[in-house]
Amino acid sequence: MAKKTENSGPSVSAQEALEFHAMGRPGKLEVVATKPMATQRDLSLAYSPGVAVPVLAIAEDPSRAFDYTTRGNMVAVISNGTAILGLGNLGALASKPVMEGKAVLFKRFADVDSIDLEVDTEDADEFINCVRFLGPSFGGINLEDIKAPECFIIEQRLRELMDIPVFHDDQHGTAIISAAGLINALEVTGRDMKTTKMVCNGAGAAGIACIELMKAMGFAPENIILCDTKGVVFQGRTEGMNQWKSAHAVKTDTRSLAEALDGADVFLGLSAKGALTTKMVQSMAKNPIIFAMANPDPEITPEEVAEIRTDAIMATGRSDYPNQVNNVLGFPYIFRGALDVRATTINDDMKIAAARALAELARKDVPDDVAAAYQGNRPKFGPNYIIPVPFDPRLISAIPLAVAKAAMESGVARKPILDLDRYAQELSARRDPIASTLQRIYDRVRRQPKRIVFAEGEEEQVMRAAVSYVNQKLGTAILLGRDDVIKENARHAGIDLNKQGIEIINARLSRRNGIYTDFLYERMQRKGFLFRDCQRLINNDRNHFAACMVALGDADGIVTGVTRNYSTALDDIRRIIDAKPGHRVIGVSIVLARGKTVLVADTAVHDMPNAEQIADIAEEAAGFARRMGYEPRLAMLAYSTFGHPQGERSERVQEAVRILDKRRVDFEYDGEMAADVALNARAMAQYPFIRLTGPANVLIMPAFHSASISTKMLQELGGSTVIGPLLVGLNKPVQIVSLNAKDSDIVNMAAIAAYTAGT
Ligand SMILES: NC(=O)C1=CN([C@@H]2O[C@H](COP(=O)(O)OP(=O)(O)OC[C@H]3O[C@@H](n4cnc5c(N)ncnc54)[C@H](OP(=O)(O)O)[C@@H]3O)[C@@H](O)[C@H]2O)C=CC1
Ligand SMILES: CC(=O)C(=O)O
Ligand SMILES: [Mg+2]
């Protein structure tokens, strides 16, 4: 039975949603140049006079636009806001968050560049005229959240007028995903499409398109009853009708949704929150299939269904329940396939191919590297798993491939793909690696929730992080601080701390205060500390108190750092927590740049390591890379490469390589080498004897200053995301964030601390 479980995804509060959208640069998108714009020469090439050359080339041969402009990978998400999710007609401007959202999902899931355009008119002709002339800018048009019946007219007309795919996602995307889910739900319940009785509630964009596709796939027209706000769409009805509804009107005596559902096998909900009642569900056939797809709130919740029936297959449009039937599973991949063959349209063959590929994927065994995307539970084809989740990394190769093939076979591909195996590999390479790494971390922690101490509990961003940690079901968040101050600060910032999973501990008043003081004194008495010094530290210094909590098993990990600089926080912690036996404590930063993930070490602890220490850092970093799911290829970095240019400073690194040779470590490493040789396959090819099988994914820096400077520069200038430095090699999980860390950084670090607890 599909219901929200411990392992379901996170729910979010209204406040979190607003803060997410407001944080940093408002909104969810920015435009980034893909070419250098630094010198006079760059400007001469990018703009006048150089730009005239591609202009003339395109004027002569329009297909060259795919070579010289963004057109081939660019989709516009266009709406007038007349049917925003299930919220109704709230206007073009209010639809912008949804359209920006779709644009970033295009990028995130399928590496399609996308921009949102909100067109402020409800007049179909005006809308058509606005969009029709935009064709040269884009490789495809994703129409979104436009209400019926105008959406049918708009899409039809634009398809005729434009020579690129025009695809109203609420119609066809939804139809494709629900068809895939339905194919599998029928299989699980042993039903035959030809005899299955279905009721579709909602006769708008999504509802009409869904039943059209279902009929094309083999459902008998007389077995499908369509309903809207006026009840059943029956033959002869005059009220609230249009030609699209009329095409699906059936001969029936039923007049209400309740009557239509009596004995029905399938309910397809594409209407509004709460439209389906438990009484109606009760009257459905054995093993009913209920797809309550209204967003953000379904026609009925899985919990409501679970209360009255245990035999239903339940799906919703939401990510926080099993079986998410949502068009996000389709549009990024469908357009990816269409763009890659420069399709002129997205036709029925391509839609059906996408639906079949999606349905097939859910029936396949889930391999190990994919299981992580399923919140830790390896799903098995059945009532709670009829459709893959949007994070399934196999989608990017399976769906576009099927769509591209169908486009070629049906003759709408302007640029057929000759080597499909190679295409499948290229598709996999478009996956954003960190997203799956972080996803894996979060999923594992969700399965094995942990108690994390948020040492600076009085700080606003720390409280927000703690709430998010708990909301995401990662475990218990312990806020250290004065109870009254925390509560007052939370009230002031509008943060609700009254939820299960958040604990507040005041060090001074804690029952454990004496035990922690004894513990600290035991460790520090021969290092110049009096008992009363230790008492003061436990009372007043939250890092000391937090470290004792973790050292003595009262919590699993610590996150700190927003009020104190990194090295001070680390010194505090090291008074209480040692290195793991046989390990060296180092800092590793995860750098995410242009689809690549690279680990850099040591970015936190050793100032000027000697050769032996560099070798230790390499071993520690390689172990960490493996724990993060990467097979390490280490480059031991210097300014020189294999002895050139010669210089004293590279000798430590050369010596470290020889030490690793002697230690016979079980990972790939080589050096000394410069960063470009480590990361660039072409530069690496100059050294055919190199022992790395590909560009390095772990960079071992020769000293702290080069490590720290290069990662910070990448973050500030290179547009890279840098996570860390993460502390590695301590006996207990402790993570220190930077002084200006945001709540999202703190949650990531808390999740990483939780992930490494017990490993
Ligand atoms: N899960 C997914 O991937 C997707 C879900 N959806 C959801 O489907 C719903 C409809 O979207 P869309 O088709 O774009 O919108 P439209 O405005 O085009 O159509 C809405 C339809 O729903 C009907 N309706 C509204 N409220 C009720 C009700 N209480 N009982 C019966 N019928 C009702 C309307 O009836 P009438 O014609 O009488 O006005 C109309 O036929 C939304 O909730 C949306 O979030 C849409 C696309 C994708
Ligand atoms: C998912 C979607 O497109 C909708 O609810 O409108
Ligand atoms: Mg929509």
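The values are calculated or read from the model by the stated rules, or taken from the named source; none is laboratory data. Given the structure is predicted, the values throughout are model-derived calculations rather than measurements. Because the Cβ atoms are built from the backbone with ideal geometry, glycine has one as well, and the counts that use them run over all protein chains shown. Heavy atoms of the whole protein, side chains included, go into the accessibility calculation; ligands, DNA and RNA do not. Shrake-Rupley method; radii C 1.70, N 1.55, O 1.52, S 1.80 Å.
List every residue pair whose Cβ atoms sit under 9 Å apart, with the two residues 6 or more apart in sequence or on different chains, where the first one lies in the range 120-142 and is within 22 Å of H172 (Cβ to Cβ) and the second, anywhere, is basic (K, R) and open to solvent by less than 20 Å² (accessible area, probe 1.4 Å).
Filtered contacts from the range 120-142: N142/K102.
Can you find even one residue in the range 157-173 that is under 20 Å from N347 (Cα atoms) and among the small types (G, A, S)?
yes
May I ask you to verify whether V722 is aliphatic (A, V, I, L, M) and farther than 17 Å from T597 by Cβ?
No, not satisfied.
Could you figure out which of (1) closer than 23 Å to V328 by Cα; (2) away from ligand 3 (no atom under 16 Å from the Cβ) isn't true of T189?
(1)
Name every residue in the range 282-303 that is touching a Leu at 6+ places or on another chain (Cβ under 8 Å) and aliphatic (A, V, I, L, M), in order of residue number.
Within the range 282-303, M284, I289, I290, A292, M293, A294, I300 qualify.
Which pairs turn up if I take residues in the range 149-161 that are free of Cβ contacts under 8 Å to residues at least 60 places away in the same chain and look for partners that are surrounded by 19 or more Cβ atoms within 10 Å (Cβ to Cβ) and of a type in the set (S, T, Y) with beta carbon separation below 6 Å, at least 6 apart in sequence or on another chain?
none
With respect to G457, is the statement that it is at pLDDT below 95 and farther than 30 Å from Y321 by Cα true?
So G457 fails the test.
Filter the strands (runs of 3 or more DSSP E) completely within the range 639-751 down to those with at least 2 residues that are more than 21 Å from A611 (Cβ to Cβ).
721-728, 734-736
Are there any pairs, at least 6 apart or on different chains, whose C-beta atoms fall under 7 Å, with the first in the range 201-230 and of a type in the set (K, R) and the second in a loop (DSSP other than H, G, I, E, B), and if so, which?
K230/E239; K230/G240
Inspect all residues belonging to the range 234-246 and state whether any of them is part of a loop (DSSP other than H, G, I, E, B), open to solvent by less than 20 Å² (accessible area, probe 1.4 Å) and not hydroxyl-bearing (S, T, Y).
Within the range 234-246, none of the residues are part of a loop (DSSP other than H, G, I, E, B), open to solvent by less than 20 Å² (accessible area, probe 1.4 Å) and not hydroxyl-bearing (S, T, Y).
Of the conditions (1) surrounded by fewer than 18 Cβ atoms within 10 Å (Cβ to Cβ); (2) more than 18 Å from L592 (Cβ to Cβ); (3) in contact (Cβ under 8 Å) with a residue 24 or more places away in the chain, R627 fails just one. Which one is it?
Single failed check for R627: (2).
I'd like the full set of residues that are within 16 Å of ligand 2 (Cβ to nearest atom) and closer than 16 Å to G181 by Cα, limited to the range 267-293.
L268, G269, L270, F291, A292, M293
May I ask you to list pairs of residues, at least six apart or on different chains, whose Cβ atoms are under 7 Å apart, with the first in the range 390-414 being open to solvent by less than 10 Å² (accessible area, probe 1.4 Å) and the second being assigned to a loop (DSSP other than H, G, I, E, B)?
L395/P388; I396/R430; I396/R431; A404/V341; A404/I417; A407/V341
Would you mention how many residues in the range 162-196 are within 13 Å of ligand 1 (Cβ to nearest atom), open to solvent by 10 Å² or more (accessible area, probe 1.4 Å) and not polar (S, T, N, Q)?
2
Can you tell me which condition I659 does not meet? The list is (1) open to solvent by less than 60 Å² (accessible area, probe 1.4 Å); (2) in contact with a helix residue (DSSP H, G or I) (Cβ under 9 Å, 6 or more places away or on another chain); (3) under 16 Å from S706 (Cα atoms), and all the others hold.
(3)
Test each condition in (1) more than 10 Å from A635 (Cα to Cα); (2) at pLDDT 95 or above for D670 and report the one that comes out false.
The number of the failed condition is (1).
I'd like to know if the range 155-169 contains one or more residues that are more than 16 Å from ligand 3 (Cβ to nearest atom) and farther than 23 Å from R342 by Cα.
The answer is no, given that none of the residues of the range 155-169 is more than 16 Å from ligand 3 (Cβ to nearest atom) and farther than 23 Å from R342 by Cα.
Can you pull out every residue in the range 296-345 that is open to solvent by less than 10 Å² (accessible area, probe 1.4 Å), closer than 30 Å to S63 by Cβ and more than 16 Å from ligand 3 (Cβ to nearest atom)?
Scanning the range 296-345 gives Y333, R336, G337, A338, V341, A343.
Residue by residue through the range 483-504, note down the ones that are open to solvent by 40 Å² or more (accessible area, probe 1.4 Å) and hydrophobic (A, V, I, L, M, F, W, C).
I504
With (1) modelled with pLDDT of 95 or more; (2) under 21 Å from I386 (Cβ atoms); (3) more than 16 Å from ligand 3 (Cβ to nearest atom); (4) buried (at least 17 other Cβ atoms within 10 Å of the Cβ) as the list, and L268 as the residue in question, which single condition is left unmet?
(3)
Inspect the range 294-314 for any residue being within 16 Å of ligand 2 (Cβ to nearest atom) and closer than 15 Å to L226 by Cβ and give the result as yes or no.
yes
Checking the conditions here, which among G561, G582 is without any contact (Cβ under 8 Å) to a residue 60 or more places away in the chain and farther than 21 Å from M673 by Cβ?
G582
Being buried (at least 22 other Cβ atoms within 10 Å of the Cβ) and out of contact with any Asp or Glu (no Cβ under 9 Å at 6 or more places or on another chain) is the filter here; which residues of the range 599-615 pass it?
Those that are buried (at least 22 other Cβ atoms within 10 Å of the Cβ) and out of contact with any Asp or Glu (no Cβ under 9 Å at 6 or more places or on another chain): L599, V600, T603, A604, V605.
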